[in-house]
Each structure stands twice: as structure tokens, then as C-alpha cells.
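The values are calculated or read from the model by the stated rules, or taken from the named source; none is laboratory data. This one's a predicted model, so the numbers in the text were calculated from it and none came from an experiment. Note that we place each Cβ from the backbone using ideal geometry, even for glycine, and neighbour counts take in every protein chain shown. Remember, those area values only see protein heavy atoms, side chains included, never the ligands or the DNA or RNA. Shrake-Rupley method; radii C 1.70, N 1.55, O 1.52, S 1.80 Å.
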Amino acid sequence: AIWFKQFWRKPFCSGILTAWKYRTSYSSRAMRGRGLLLLVAALRGCSACTYFELNTTGSRKEVVIGRTMEFDTVRGITDWRLHVSPACTFDFGANRTAQENGFLCGAHRGPARHGHVAFVMNLPMLKGVEMEGMNEQGLTCAALSQYRAEYQSCESRGSKKFVSSLLFCRWVLSNFELVDQVRDAVLHDVIVSNEYLTGKRLNETFSFHWAIADAQGGSIVVEYERGEPRVYNNSVGVLTNDPSYPWHVENLNTYSWLAARADQDERAAELAVPTGDLLPGQSVVPWNLNHGFNTGGLPGDPSPRSRFVRAFYVRQIAQLNNKVDGEGLWGWYALAQAILNNVFVPMGWTGQNPNLVDKSDHTTWATLRVPQTRVFAFRSYFDLQWKFVDLARLDLTRELFLTLPHQGPASASSMNVVDMTGDLNHRAGPALSETMAATKPRSFLERPLASDESVSFLESHASLVHHEM
């Protein structure tokens, strides 16, 4: 209440206030929809997300997929929730009230064939806007910002069904098993548009392109250019933001001098000239006195172009030079984690924070997922400890929402800090690692014991919502 009174005059918060007025003051679905759209317009959105794939040497040809989400946040309003979505009936386009009012896109309400988990913002009216998820068949969908996206017009809909660009991942995860099925539907069965009233479109803040992968190893990128769908095989296994996917792939040629072998000393020797005693400890130039110069010039800024290049070359060079260390997929998880760390965006790096509660885009969360094993793992900006959901064992018969733990502000609890001082002072007692190993593994969705010190971060489970569908 204090921060809202302090910042209500700000453009962002006035947009939130106006949206909530529409949401609470009118009972009609049309007015609630108008409030949603005003709220969406108030959010500045995300501008820096990174997606990559690791093709492992596992027996099932598993693919480990990593992704970061960078988003402007208003604490408590845009906090993220994990949404467990059963197979039921959803709106994938505009609601029926909009159709009755002459909305050219019409309505698209249909059954969901597959249950899934996904990330949504902490607002009931935005629960269908799924930015990242996996369904029970292992199909995954990731929405990444693309300001240049140009969606289809409802005027040309014909007999095709309408899918809102905001609900695209929800539509994909609810209906399909394979990327080829998605490709066929996008090209022939539906139009995807960001129109919310006839001729009225959402701004570029909420424009996306999508990376979609399945358990058979298929991987595609879906984009919209000049009002037409473009579906590409994601042959390089990377996606970020603007511009288009083909541009990013061709731009990799710009950095073709990057080398996997650290042979810079040998190459420098071919050009060497003597310098006498001018330089201490060195008698010729050029000469490299350390290592890492084989990747000199690799861009390090957080722009989409640089993150695409960095994710690709770090992955390729690391895989070529290093035999993955670890049993099963653990070594691959470690490599994926290292790549995620490499593209991590700290608060304030891309711009000033407008005020105390509205934070500029940063790596709000990151995910690791494996379509073949149905593992979906995540961590947050403050708490880098991985937490995972096994969709093969997850109850997908009811709808649940769980606010992601440890979304800030920074504290010993939110950063999941472990004090080892006592363990070091009492070497006669069981080692910390032994104590942890003796603890029965438990899903983070399960209710903790009263004596468990982690009860504070799991306390929010009591507020899980059960919706009758």
C-alpha cells in the first residue's frame, strides 16, 4: 500500500490502476477483457531472453534445453507462478463476448488434449499468457520477445481459427505432441494475430517469436513477418530476440575467426619480430603470455545479437574441447548451467531502474528441461538452487498455481544461503554432505515437515489454488 501511494502517479502504475478499475468496476466479460489489455499495455515487457539446445550423447538422444527470462518487474504484481494446467477447455483466442460485438477474429474455444506446466505472471487475468512450458508428451514452447513481429490480420481469417499471439504457447502445449503438427497447423489451420479489437493491435512490447521442441528431437522457430507465418528448422539450436532467426544464423559467420584450439602462440610466432630488452620477460612481439585468446572478440554485451553469438560459440567450443564430466545427464546439466551463467543479465545492466519497486529487465528466472525425460527445472535471480518437476509423475488432473519461491528482495533466505561454520567447527559430527545425503529427497511441491528449516520458502504451498474445470 505504501509503495502504491508513492508511485501511483507514475505512468506505469497509473496504467495498472486504470486496468484494475476496468477489472473490478464492471461485471461484463468485455470490460474485463478491456482491463486486461490496458494492463498488458502498461507493462514494458521483456527484451532479453536466451534459448539454446544441447544435443547429448545419451542413450535416448536426450536434448537438454536451457532458457533465460529477462523481464521488467513490479514486485508482487509481475512475480511469476508455476501453472499446472490439466487437459480441459480453454480460450485460445478472443472470448465469445468479443465475437458477439463483431470482432473479426471471432473466438477460438476448444478442448486441451494435453496437460502441461508453464510459467505465468502473478495475475489471475494473465494466467493464460504462458511464456515457457512443457506438456506431458515432452513438447516444449518458449516465447521470446521480438519487437519486429508482424502478425496476421483478422480480415483474412476466412475459415481458419484465431489464436491470440498472447496465448500461442498455451495453444501449442495444449494441443500438440510434435513440432511437425505445430508447423502444419500454423501454416494451414489458424491465423495468429495480436489484434484485440478489429483493427486494434497490441504494441510491440508483447510481440514474440517462439522456439518449440519435441521429444523426438524436432525443433522449430515460428516467426511472423509482413503478416505471414515463417517456420524454420532450428538447425543451430539457439534463439534470442530481434532481428529475425535467419539474420542471427548468418551473423554467426561474422565471428568465424573464433577458434576451438588454443594455438595462438604458434600463430603469433609466425609473425614475430624481436624487441630486444624493451619489454621485461618478453623478447618478441606479438606473443601471448596467457590463454583464452582463441575466443578474443567474442561479444560480451547483453544485446540479442551478442547473446545469440555467445550462446552458440560457447556451447560449440566447450563441447569440442571437453568431454562432458558426470554420470548420465548430470554433466550436460552442468554445461547447460554454465552457458546460462554466461548470458545472465544482472539488475541495472541494461538500464536504470525507474523506481524502488519497478526493476529493469534482468534474468528473473532460468530453466533447464529435457523433453525425452519430461524433466522441467528452474531457478530464480536470487536463488540459484535448481528445483525440478517430473512431468512423468506430476498429477495433471487439477489446476494448480504456485508462486515461485525466492523472488526477492535479497536476503539470506531468498538467496538460499547455507551456513557451514558449525559443520567446520564440529568435525567429529556428520559432514554436511552426509547429512544432506541422508535426507529423503522430496519434490518442492510436497508439504515440508514442521522441523524442516526450508519450511519458510515452502509455506506458500498452502495457497495452491484448486479450480474445478
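Of all the residues in the range 408-431, those that are open to solvent by 40 Å² or more (accessible area, probe 1.4 Å) and within 21 Å of the chain's Cα centre (by Cα) number 2. There is no residue in the range 304-317 that is open to solvent by 30 Å² or more (accessible area, probe 1.4 Å) and outside any helix (DSSP H, G or I). For the range 256-295, which residues satisfy the criterion of being closer than 24 Å to PHE312 by Cα and at pLDDT 85 or above? Answer for the range 256-295, where residues must be closer than 24 Å to PHE312 by Cα and at pLDDT 85 or above: SER256, TRP257.
When you scan the range 57-83, how many residues do you find that are hydroxyl-bearing (Ser, Thr, Tyr), at pLDDT below 70 and in a strand (DSSP E or B)?
As a first pass, look at the range 57-83 and keep what is hydroxyl-bearing (Ser, Thr, Tyr): 57, 59, 68, 73, 78.
Subset that is at pLDDT below 70: 73, 78.
From what is left, the residues that are in a strand (DSSP E or B) are 73.
Number of matching residues: 1.
Among the criteria (1) open to solvent by 40 Å² or more (accessible area, probe 1.4 Å); (2) part of a helix (DSSP H, G or I), the one GLY328 does not fulfil is (2). Can you tell me which residues in the range 238-285 are in contact (Cβ under 8 Å) with a residue 40 or more places away in the chain, open to solvent by less than 30 Å² (accessible area, probe 1.4 Å) and in a helix (DSSP H, G or I)? If the condition is that a residue be in contact (Cβ under 8 Å) with a residue 40 or more places away in the chain, open to solvent by less than 30 Å² (accessible area, probe 1.4 Å) and in a helix (DSSP H, G or I), then HIS248, ASN251, LEU252 are the ones that fit. The single residue among LEU197, LEU252 that is more than 19 Å from ALA142 (Cβ to Cβ), more than 17 Å from the chain's Cα centre (by Cα) and modelled with pLDDT of 95 or more turns out to be LEU252. Residue under question is PHE168, and the condition is that it be touching a Gly at 6+ places or on another chain (Cβ under 6 Å) and under 15 Å from ARG109 (Cα atoms); does it hold? The answer is no for PHE168. Do we find a residue being among the polar types (S, T, N, Q) and modelled with pLDDT under 90 anywhere in the range 340-351? Yes, the range 340-351 contains a residue that is among the polar types (S, T, N, Q) and modelled with pLDDT under 90. Residue pairs whose Cβ atoms lie under 6 Å apart, separated by 6 or more positions or on different chains, with the first residue in the range 397-423 and among the basic types (Lys, Arg) and the second in a loop (DSSP other than H, G, I, E, B) and open to solvent by 50 Å² or more (accessible area, probe 1.4 Å), are ARG398/HIS466.
Suppose we filter GLY218, GLY300 for residues that are in contact with a helix residue (DSSP H, G or I) (Cβ under 6 Å, 6 or more places away or on another chain) and closer than 30 Å to TYR333 by Cβ; which single one remains?
Values: GLY300 fails: in contact with a helix residue (DSSP H, G or I) (Cβ under 6 Å, 6 or more places away or on another chain).
From the options GLY218, GLY300, the qualifying one is GLY218.
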